[in-house]
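For reference, the structure is listed below as C-alpha coordinates.
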Amino acid sequence: MGIHFDRERWKQIEKDYTLWWEGKLERPLIKAVVKSAYPPERKKPDVPVLSMKNCNCLEYSPEEIVDALDYELCQYEFLGDAFPLINMAAFGPGALAGFCGAGLDNSTGTVWYFPMKQVPVEELHVKYDPDNVWAKRIKDIYRAGKEQWGSQVLMSMPDLGSVQDVLATLLGNEEYMFALFDEPEEVLRVQNEIRNAFVDAYRDLESVLGTDHPGYSDWSGLYSKERSYIFQDDFAYMISPEMFEEYALDDIKKLKKEFPNVMYHLDGVGNLKHLDMLLDNTDIQAYQWVYGAGQPSARHWMEVYDRLHERGKNMEIIGSVEDFSCIAEKNAKGLFYHLLIDDEEGTAKRNEAYKDCLSDYHIVEWSRRKETEELIRRWKG
(Lines give C-alpha, C1' and ligand atoms only; values in the text may rest on other atoms or scores of the structure.)
Protein backbone atom coordinates (compact mmCIF):
# COMPACT_ATOMS: atom_id res chain seq x y z
CA MET A 1 0.00 0.00 0.00
CA GLY A 2 2.83 2.41 0.83
CA ILE A 3 2.35 5.90 2.25
CA HIS A 4 -1.32 6.91 2.47
CA PHE A 5 -1.02 10.22 0.62
CA ASP A 6 -1.46 10.92 -3.08
CA ARG A 7 -0.77 13.62 -5.62
CA GLU A 8 -4.27 15.09 -5.33
CA ARG A 9 -3.70 15.66 -1.63
CA TRP A 10 -0.45 17.44 -2.43
CA LYS A 11 -2.26 19.73 -4.87
CA GLN A 12 -4.70 20.69 -2.11
CA ILE A 13 -1.86 21.26 0.35
CA GLU A 14 -0.13 23.56 -2.12
CA LYS A 15 -3.33 25.50 -2.78
CA ASP A 16 -4.36 25.96 0.86
CA TYR A 17 -0.94 26.86 2.24
CA THR A 18 -0.35 29.32 -0.60
CA LEU A 19 -3.61 31.05 0.25
CA TRP A 20 -2.59 31.07 3.92
CA TRP A 21 0.74 32.77 3.16
CA GLU A 22 -1.11 35.32 1.03
CA GLY A 23 -3.55 36.04 3.87
CA LYS A 24 -6.48 34.79 1.78
CA LEU A 25 -7.37 31.52 3.50
CA GLU A 26 -10.53 32.15 5.51
CA ARG A 27 -9.81 29.43 8.06
CA PRO A 28 -6.88 28.17 10.15
CA LEU A 29 -4.48 25.48 8.97
CA ILE A 30 -4.64 22.42 11.21
CA LYS A 31 -2.22 19.53 10.80
CA ALA A 32 -2.92 16.29 12.65
CA VAL A 33 -0.81 13.19 12.06
CA VAL A 34 -2.10 9.92 13.50
CA LYS A 35 0.64 7.52 14.54
CA SER A 36 0.05 3.76 13.94
CA ALA A 37 -3.26 4.35 12.14
CA TYR A 38 -2.52 1.48 9.74
CA PRO A 39 -0.95 -1.92 10.52
CA PRO A 40 2.65 -2.42 9.37
CA GLU A 41 3.02 -4.21 6.06
CA ARG A 42 6.45 -5.68 6.72
CA LYS A 43 8.97 -6.49 9.42
CA LYS A 44 10.31 -3.49 11.29
CA PRO A 45 13.85 -2.57 10.17
CA ASP A 46 16.59 -2.96 12.75
CA VAL A 47 17.48 0.73 12.42
CA PRO A 48 16.34 3.53 14.77
CA VAL A 49 14.18 6.43 13.62
CA LEU A 50 16.41 9.41 12.89
CA SER A 51 16.61 11.67 15.97
CA MET A 52 18.90 13.99 17.86
CA LYS A 53 19.92 10.96 19.92
CA ASN A 54 21.31 9.05 16.92
CA CYS A 55 21.89 11.58 14.11
CA ASN A 56 25.65 11.07 14.47
CA CYS A 57 25.42 7.27 14.07
CA LEU A 58 27.08 7.05 10.67
CA GLU A 59 27.17 3.24 10.75
CA TYR A 60 23.65 3.32 9.31
CA SER A 61 23.55 4.07 5.60
CA PRO A 62 21.27 6.84 4.28
CA GLU A 63 19.24 4.14 2.55
CA GLU A 64 18.76 2.30 5.86
CA ILE A 65 17.71 5.55 7.57
CA VAL A 66 15.13 6.21 4.85
CA ASP A 67 13.86 2.63 4.94
CA ALA A 68 13.22 2.93 8.69
CA LEU A 69 11.36 6.20 8.12
CA ASP A 70 9.32 4.67 5.32
CA TYR A 71 8.25 1.85 7.65
CA GLU A 72 6.87 4.45 10.08
CA LEU A 73 5.29 6.75 7.48
CA CYS A 74 3.36 3.89 5.90
CA GLN A 75 1.50 3.49 9.21
CA TYR A 76 0.55 7.18 9.49
CA GLU A 77 -2.71 8.87 8.62
CA PHE A 78 -2.59 12.52 7.59
CA LEU A 79 -5.63 14.50 8.71
CA GLY A 80 -6.64 18.04 7.84
CA ASP A 81 -3.70 19.98 6.43
CA ALA A 82 -1.08 17.38 7.35
CA PHE A 83 1.35 15.89 4.85
CA PRO A 84 4.28 13.41 4.89
CA LEU A 85 7.26 15.27 6.38
CA ILE A 86 10.76 14.32 7.45
CA ASN A 87 12.00 17.02 9.83
CA MET A 88 15.75 17.48 9.62
CA ALA A 89 15.71 19.36 12.92
CA ALA A 90 16.90 15.97 14.16
CA PHE A 91 20.40 17.37 13.49
CA GLY A 92 19.85 19.92 16.21
CA PRO A 93 19.42 23.69 16.54
CA GLY A 94 22.02 25.89 14.90
CA ALA A 95 23.26 23.21 12.52
CA LEU A 96 24.94 25.92 10.45
CA ALA A 97 27.62 26.11 13.16
CA GLY A 98 28.28 22.42 12.57
CA PHE A 99 28.45 22.93 8.79
CA CYS A 100 31.12 25.57 9.45
CA GLY A 101 33.31 23.35 11.60
CA ALA A 102 31.79 23.29 15.09
CA GLY A 103 31.64 20.00 16.97
CA LEU A 104 28.43 18.08 17.63
CA ASP A 105 27.57 16.78 21.12
CA ASN A 106 24.43 14.70 21.63
CA SER A 107 25.50 12.82 24.74
CA THR A 108 22.38 14.02 26.57
CA GLY A 109 20.04 12.95 23.74
CA THR A 110 19.79 16.55 22.51
CA VAL A 111 22.18 18.04 19.95
CA TRP A 112 24.38 20.97 20.88
CA TYR A 113 27.18 22.47 18.81
CA PHE A 114 30.41 23.75 20.31
CA PRO A 115 33.60 25.39 18.94
CA MET A 116 36.42 22.94 18.27
CA LYS A 117 38.83 25.72 19.24
CA GLN A 118 37.99 28.83 21.24
CA VAL A 119 39.28 31.96 19.48
CA PRO A 120 38.59 35.68 19.99
CA VAL A 121 36.23 37.37 17.58
CA GLU A 122 39.04 39.09 15.66
CA GLU A 123 40.49 35.67 14.76
CA LEU A 124 37.18 34.04 13.92
CA HIS A 125 36.31 33.33 10.28
CA VAL A 126 33.17 31.47 9.22
CA LYS A 127 32.51 29.75 5.91
CA TYR A 128 30.06 27.06 4.86
CA ASP A 129 31.76 23.77 3.97
CA PRO A 130 29.64 21.72 1.53
CA ASP A 131 31.85 18.70 2.30
CA ASN A 132 31.35 18.95 6.06
CA VAL A 133 30.35 15.58 7.53
CA TRP A 134 26.92 16.77 8.72
CA ALA A 135 26.08 18.71 5.57
CA LYS A 136 27.03 15.66 3.50
CA ARG A 137 25.01 13.38 5.76
CA ILE A 138 21.85 15.45 5.31
CA LYS A 139 22.39 15.67 1.55
CA ASP A 140 22.91 11.91 1.33
CA ILE A 141 19.66 11.31 3.23
CA TYR A 142 17.93 13.72 0.84
CA ARG A 143 19.20 11.70 -2.13
CA ALA A 144 18.15 8.39 -0.60
CA GLY A 145 14.73 9.89 0.23
CA LYS A 146 14.21 11.12 -3.32
CA GLU A 147 15.12 7.67 -4.62
CA GLN A 148 12.63 6.01 -2.24
CA TRP A 149 9.72 8.46 -2.34
CA GLY A 150 10.12 10.65 -5.41
CA SER A 151 7.97 13.71 -4.69
CA GLN A 152 5.60 12.00 -2.23
CA VAL A 153 7.44 13.02 0.97
CA LEU A 154 8.74 16.48 1.87
CA MET A 155 12.15 16.56 3.56
CA SER A 156 12.68 19.77 5.48
CA MET A 157 15.64 22.06 5.78
CA PRO A 158 17.68 21.53 8.96
CA ASP A 159 17.54 24.04 11.80
CA LEU A 160 20.32 26.32 10.58
CA GLY A 161 19.88 28.82 13.42
CA SER A 162 20.12 32.60 13.33
CA VAL A 163 23.18 34.71 12.61
CA GLN A 164 23.48 35.80 16.23
CA ASP A 165 22.74 32.36 17.67
CA VAL A 166 25.45 30.75 15.52
CA LEU A 167 27.95 33.40 16.59
CA ALA A 168 26.96 32.83 20.23
CA THR A 169 27.74 29.13 19.71
CA LEU A 170 31.14 29.84 18.17
CA LEU A 171 32.19 32.53 20.67
CA GLY A 172 30.15 31.74 23.77
CA ASN A 173 27.43 34.01 25.13
CA GLU A 174 29.64 35.89 27.56
CA GLU A 175 32.42 36.46 25.04
CA TYR A 176 29.87 37.61 22.47
CA MET A 177 28.44 40.15 24.91
CA PHE A 178 31.89 41.57 25.63
CA ALA A 179 32.69 41.68 21.90
CA LEU A 180 29.55 43.72 21.19
CA PHE A 181 31.04 46.49 23.33
CA ASP A 182 34.77 45.97 22.72
CA GLU A 183 34.95 44.84 19.07
CA PRO A 184 31.73 45.97 17.33
CA GLU A 185 33.32 46.14 13.86
CA GLU A 186 34.67 42.59 14.21
CA VAL A 187 31.27 41.36 15.37
CA LEU A 188 29.62 42.86 12.30
CA ARG A 189 32.30 41.33 10.06
CA VAL A 190 31.74 37.83 11.43
CA GLN A 191 27.98 38.22 11.38
CA ASN A 192 28.23 39.10 7.68
CA GLU A 193 30.26 35.91 7.12
CA ILE A 194 27.64 33.84 8.96
CA ARG A 195 24.83 35.39 6.94
CA ASN A 196 26.65 34.49 3.72
CA ALA A 197 27.26 30.97 5.04
CA PHE A 198 23.53 30.66 5.80
CA VAL A 199 22.63 31.53 2.21
CA ASP A 200 25.31 29.22 0.82
CA ALA A 201 24.14 26.32 2.98
CA TYR A 202 20.49 26.80 2.10
CA ARG A 203 21.22 26.98 -1.62
CA ASP A 204 23.43 23.89 -1.50
CA LEU A 205 20.83 21.84 0.34
CA GLU A 206 18.09 23.17 -1.92
CA SER A 207 20.03 22.08 -5.01
CA VAL A 208 19.98 18.46 -3.80
CA LEU A 209 16.24 18.50 -3.11
CA GLY A 210 15.69 19.74 -6.65
CA THR A 211 12.81 21.44 -8.41
CA ASP A 212 10.62 18.32 -8.32
CA HIS A 213 10.47 18.35 -4.50
CA PRO A 214 6.93 18.97 -3.13
CA GLY A 215 7.94 22.31 -1.62
CA TYR A 216 9.74 23.74 1.38
CA SER A 217 9.52 23.30 5.12
CA ASP A 218 11.74 23.67 8.19
CA TRP A 219 11.69 22.70 11.85
CA SER A 220 8.34 24.47 12.31
CA GLY A 221 6.60 21.97 10.00
CA LEU A 222 4.96 24.76 8.01
CA TYR A 223 4.65 24.16 4.25
CA SER A 224 5.43 26.60 1.46
CA LYS A 225 5.54 26.06 -2.28
CA GLU A 226 8.03 28.93 -2.55
CA ARG A 227 11.33 29.33 -0.73
CA SER A 228 10.65 29.78 2.97
CA TYR A 229 12.27 29.61 6.37
CA ILE A 230 11.60 30.24 10.04
CA PHE A 231 13.81 33.05 11.34
CA GLN A 232 14.82 33.40 14.97
CA ASP A 233 17.24 35.13 17.32
CA ASP A 234 17.26 33.56 20.75
CA PHE A 235 20.42 35.48 21.69
CA ALA A 236 18.40 38.70 21.36
CA TYR A 237 16.78 37.80 24.69
CA MET A 238 19.91 39.25 26.31
CA ILE A 239 20.21 42.56 24.43
CA SER A 240 18.27 45.81 24.32
CA PRO A 241 16.06 46.95 21.43
CA GLU A 242 18.77 49.47 20.53
CA MET A 243 21.39 46.73 20.23
CA PHE A 244 18.91 44.51 18.39
CA GLU A 245 18.43 47.29 15.83
CA GLU A 246 22.19 47.77 15.48
CA TYR A 247 23.34 44.15 15.38
CA ALA A 248 20.40 41.93 14.38
CA LEU A 249 17.79 43.77 12.35
CA ASP A 250 19.93 44.30 9.25
CA ASP A 251 20.77 40.59 8.98
CA ILE A 252 17.08 39.72 9.27
CA LYS A 253 16.11 42.21 6.57
CA LYS A 254 18.83 41.05 4.20
CA LEU A 255 18.02 37.36 4.69
CA LYS A 256 14.32 38.04 4.17
CA LYS A 257 15.13 39.05 0.58
CA GLU A 258 16.13 35.42 -0.04
CA PHE A 259 12.74 34.05 1.02
CA PRO A 260 9.27 34.96 -0.24
CA ASN A 261 7.71 33.34 2.84
CA VAL A 262 9.06 33.72 6.38
CA MET A 263 7.82 32.99 9.88
CA TYR A 264 9.61 34.43 12.92
CA HIS A 265 10.22 32.32 16.03
CA LEU A 266 9.73 34.76 18.92
CA ASP A 267 11.08 32.84 21.90
CA GLY A 268 10.46 33.91 25.48
CA VAL A 269 9.16 36.98 27.26
CA GLY A 270 12.56 38.66 26.95
CA ASN A 271 12.14 38.79 23.18
CA LEU A 272 8.76 40.53 23.26
CA LYS A 273 10.60 43.85 23.53
CA HIS A 274 11.76 43.38 19.93
CA LEU A 275 8.35 42.61 18.43
CA ASP A 276 7.39 46.18 17.52
CA MET A 277 10.71 46.71 15.74
CA LEU A 278 10.19 43.55 13.71
CA LEU A 279 6.62 44.54 12.84
CA ASP A 280 7.61 48.08 11.87
CA ASN A 281 10.74 47.26 9.87
CA THR A 282 10.27 43.90 8.15
CA ASP A 283 7.72 42.26 5.87
CA ILE A 284 7.77 38.93 7.74
CA GLN A 285 4.33 37.38 7.23
CA ALA A 286 3.95 35.07 10.24
CA TYR A 287 5.02 34.71 13.86
CA GLN A 288 5.46 31.77 16.21
CA TRP A 289 5.16 32.99 19.80
CA VAL A 290 6.80 30.65 22.33
CA TYR A 291 6.10 31.88 25.84
CA GLY A 292 8.62 29.57 27.52
CA ALA A 293 8.77 27.09 30.37
CA GLY A 294 7.15 28.21 33.59
CA GLN A 295 4.91 30.72 31.81
CA PRO A 296 1.11 30.47 31.46
CA SER A 297 -0.02 28.72 28.28
CA ALA A 298 -0.89 30.24 24.92
CA ARG A 299 -4.44 31.27 25.74
CA HIS A 300 -3.08 33.58 28.46
CA TRP A 301 -1.13 35.68 25.93
CA MET A 302 -4.08 37.03 24.00
CA GLU A 303 -2.57 40.55 23.95
CA VAL A 304 0.36 39.21 21.88
CA TYR A 305 -1.93 37.47 19.40
CA ASP A 306 -4.12 40.57 19.23
CA ARG A 307 -1.10 42.74 18.33
CA LEU A 308 -0.14 40.35 15.57
CA HIS A 309 -3.69 40.05 14.28
CA GLU A 310 -4.10 43.82 14.17
CA ARG A 311 -0.98 44.02 11.99
CA GLY A 312 -2.35 41.40 9.61
CA LYS A 313 0.15 38.71 10.59
CA ASN A 314 -0.38 34.97 10.50
CA MET A 315 0.40 33.03 13.68
CA GLU A 316 1.45 29.56 14.72
CA ILE A 317 -0.14 28.50 17.99
CA ILE A 318 2.08 26.49 20.34
CA GLY A 319 0.05 24.79 23.03
CA SER A 320 -2.76 22.38 23.77
CA VAL A 321 -5.90 21.79 21.75
CA GLU A 322 -7.69 23.87 24.36
CA ASP A 323 -5.26 26.75 23.82
CA PHE A 324 -5.79 26.68 20.08
CA SER A 325 -9.55 26.50 20.40
CA CYS A 326 -9.65 29.45 22.78
CA ILE A 327 -7.56 31.64 20.45
CA ALA A 328 -9.42 30.50 17.32
CA GLU A 329 -12.75 31.43 18.89
CA LYS A 330 -11.64 35.06 18.78
CA ASN A 331 -9.68 35.20 15.50
CA ALA A 332 -9.33 31.99 13.49
CA LYS A 333 -8.04 33.36 10.19
CA GLY A 334 -4.29 33.10 9.71
CA LEU A 335 -3.70 30.55 12.49
CA PHE A 336 -1.52 27.47 12.09
CA TYR A 337 -1.64 24.54 14.50
CA HIS A 338 -0.26 21.03 14.37
CA LEU A 339 -0.15 17.98 16.57
CA LEU A 340 0.63 14.29 16.63
CA ILE A 341 -1.97 11.77 17.81
CA ASP A 342 0.05 9.12 19.65
CA ASP A 343 -0.39 5.38 19.32
CA GLU A 344 -2.20 3.37 21.98
CA GLU A 345 1.08 2.58 23.77
CA GLY A 346 2.11 6.23 24.00
CA THR A 347 5.35 5.64 22.07
CA ALA A 348 5.74 9.21 20.82
CA LYS A 349 5.25 10.71 24.27
CA ARG A 350 7.68 8.26 25.79
CA ASN A 351 10.39 9.13 23.23
CA GLU A 352 9.60 12.85 23.06
CA ALA A 353 12.86 13.92 24.69
CA TYR A 354 14.91 12.53 21.80
CA LYS A 355 13.26 14.83 19.24
CA ASP A 356 13.03 12.42 16.34
CA CYS A 357 12.35 13.64 12.81
CA LEU A 358 8.72 12.46 12.89
CA SER A 359 7.81 14.11 16.21
CA ASP A 360 5.76 17.23 16.82
CA TYR A 361 5.36 20.10 19.24
CA HIS A 362 2.20 18.77 20.79
CA ILE A 363 1.37 15.11 21.31
CA VAL A 364 -2.11 14.00 22.36
CA GLU A 365 -3.30 10.60 23.50
CA TRP A 366 -4.83 8.11 21.08
CA SER A 367 -8.14 8.49 22.91
CA ARG A 368 -8.41 12.10 21.71
CA ARG A 369 -8.41 11.24 18.01
CA LYS A 370 -12.19 11.73 17.61
CA GLU A 371 -11.96 15.10 19.37
CA THR A 372 -9.21 16.19 16.97
CA GLU A 373 -11.20 15.06 13.94
CA GLU A 374 -14.15 17.13 15.12
CA LEU A 375 -11.88 20.15 15.55
CA ILE A 376 -10.67 19.79 11.96
CA ARG A 377 -14.19 19.33 10.60
CA ARG A 378 -15.34 22.45 12.36
CA TRP A 379 -12.67 24.70 10.89
CA LYS A 380 -12.27 23.11 7.45
CA GLY A 381 -16.02 23.12 6.82
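Matching residues to (1) farther than 24 Å from S217 by Cβ; (2) of a type in the set (A, V, I, L, M, F, W, C); (3) out of contact with any helix residue (DSSP H, G or I) (no Cβ under 6 Å at 6 or more places or on another chain):
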residue	(1), (2), (3)
E242	yes, no, yes
K254	no, no, yes
D267	no, no, no
D276	yes, no, yes
D280	yes, no, yes
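Within segment 32-47, work out how many residues are open to solvent by 50 Å² or more (accessible area, probe 1.4 Å), among the basic types (K, R) and under 23 Å from A82 (Cα atoms). Please lay out each step first, then the result.
So in segment 32-47, the residues open to solvent by 50 Å² or more (accessible area, probe 1.4 Å) come out as 38-44, 46.
Right, trim to among the basic types (K, R) and you get 42-44.
After this cut, where a residue has to be under 23 Å from A82 (Cα atoms) as well, the list is none.
Residues in segment 32-47 being open to solvent by 50 Å² or more (accessible area, probe 1.4 Å), among the basic types (K, R) and under 23 Å from A82 (Cα atoms): 0 in total.
Cβ-Cβ distance below 6 Å, separation of 6 or more or different chains: which pairs start in segment 84-103 with a residue that is at positive phi and end on one that is assigned to a helix (DSSP H, G or I) and among the charged types (D, E, K, R)?
G94/D165
Mind counting the residues in segment 48-69 that are in a loop (DSSP other than H, G, I, E, B) and open to solvent by 20 Å² or more (accessible area, probe 1.4 Å)? Full working, then the answer.
Applying the first criterion (in a loop (DSSP other than H, G, I, E, B)) to segment 48-69 yields 48-50, 52-61.
Within this subset, residues satisfying the condition of being open to solvent by 20 Å² or more (accessible area, probe 1.4 Å) are 48-49, 53-54, 56-61.
Of the residues in that region, 10 qualify.
Looking only at segment 205-233, filter to residues that are surrounded by fewer than 20 Cβ atoms within 10 Å (Cβ to Cβ) and among the charged types (D, E, K, R); which one of those is modelled with the lowest pLDDT?
The qualifying residue modelled with the lowest pLDDT is D212.
Filter segment 297-344 down to the residues that are hydrophobic (A, V, I, L, M, F, W, C) and more than 21 Å from I376 (Cα to Cα) and list them by number.
From segment 297-344, those hydrophobic (A, V, I, L, M, F, W, C) are 298, 301-302, 304, 308, 315, 317-318, 321, 324, 326-328, 332, 335-336, 339-341; that's our starting set.
W301, M302, V304, L308, listed by residue number.
Of the residues G292, G319, which single one is in a loop (DSSP other than H, G, I, E, B), buried (at least 20 other Cβ atoms within 10 Å of the Cβ) and under 20 Å from the mean Cα position of the chain (by Cα)? It would help to see each step written out before you state the result.
Working: G292 fails: buried (at least 20 other Cβ atoms within 10 Å of the Cβ).
Going through G292, G319 in turn, just one is in a loop (DSSP other than H, G, I, E, B), buried (at least 20 other Cβ atoms within 10 Å of the Cβ) and under 20 Å from the mean Cα position of the chain (by Cα): G319.
Within the set of pairs 6 or more residues apart or between chains, which connect a residue that is among the aromatic types (F, W, Y) inside segment 358-381 to a residue that is open to solvent by 50 Å² or more (accessible area, probe 1.4 Å) with Cβ atoms less than 7 Å apart?
The qualifying pairs are W366/E344.
Would you mind stating whether E8 is modelled with pLDDT under 95, over 22 Å from the mean Cα position of the chain (by Cα) and either under 18 Å from L375 (Cβ atoms) or not polar (S, T, N, Q) (or both)? Talk me through it step by step, then tell me what you get.
Numbers: modelled with pLDDT under 95: no; over 22 Å from the mean Cα position of the chain (by Cα): yes; either under 18 Å from L375 (Cβ atoms) or not polar (S, T, N, Q) (or both): yes.
So E8 fails the test.
Looking only at segment 295-305, filter to residues that are assigned to a helix (DSSP H, G or I) and without any contact (Cβ under 8 Å) to a residue 12 or more places away in the chain; which one of those is surrounded by the most Cβ atoms within 10 Å (Cβ to Cβ)? It would help to see each step written out before you state the result.
Of all residues in segment 295-305, those assigned to a helix (DSSP H, G or I) come to 298-305.
Now restrict to residues that are without any contact (Cβ under 8 Å) to a residue 12 or more places away in the chain: 300, 303.
Numbers: H300: 13, E303: 9.
Only one residue tops the list, namely H300.
Looking at segment 234-274, which of the residues that are over 20 Å from L308 (Cα atoms) and hydroxyl-bearing (S, T, Y) is least open to solvent (accessible area, probe 1.4 Å)?
Among residues in segment 234-274 that are over 20 Å from L308 (Cα atoms) and hydroxyl-bearing (S, T, Y), the one least open to solvent (accessible area, probe 1.4 Å) is Y247.
Being open to solvent by less than 20 Å² (accessible area, probe 1.4 Å) and in a loop (DSSP other than H, G, I, E, B), is that true of even one residue in segment 137-153?
yes
The values are calculated or read from the model by the stated rules, or taken from the named source; none is laboratory data. Just so it is clear, the model here is predicted, and its values are computed rather than measured. Virtual Cβ from ideal backbone geometry, glycine too; neighbours counted across all protein chains shown. Only protein heavy atoms, including side chains, enter the accessible area calculation; ligands, DNA and RNA are left aside. Shrake-Rupley method; radii C 1.70, N 1.55, O 1.52, S 1.80 Å.
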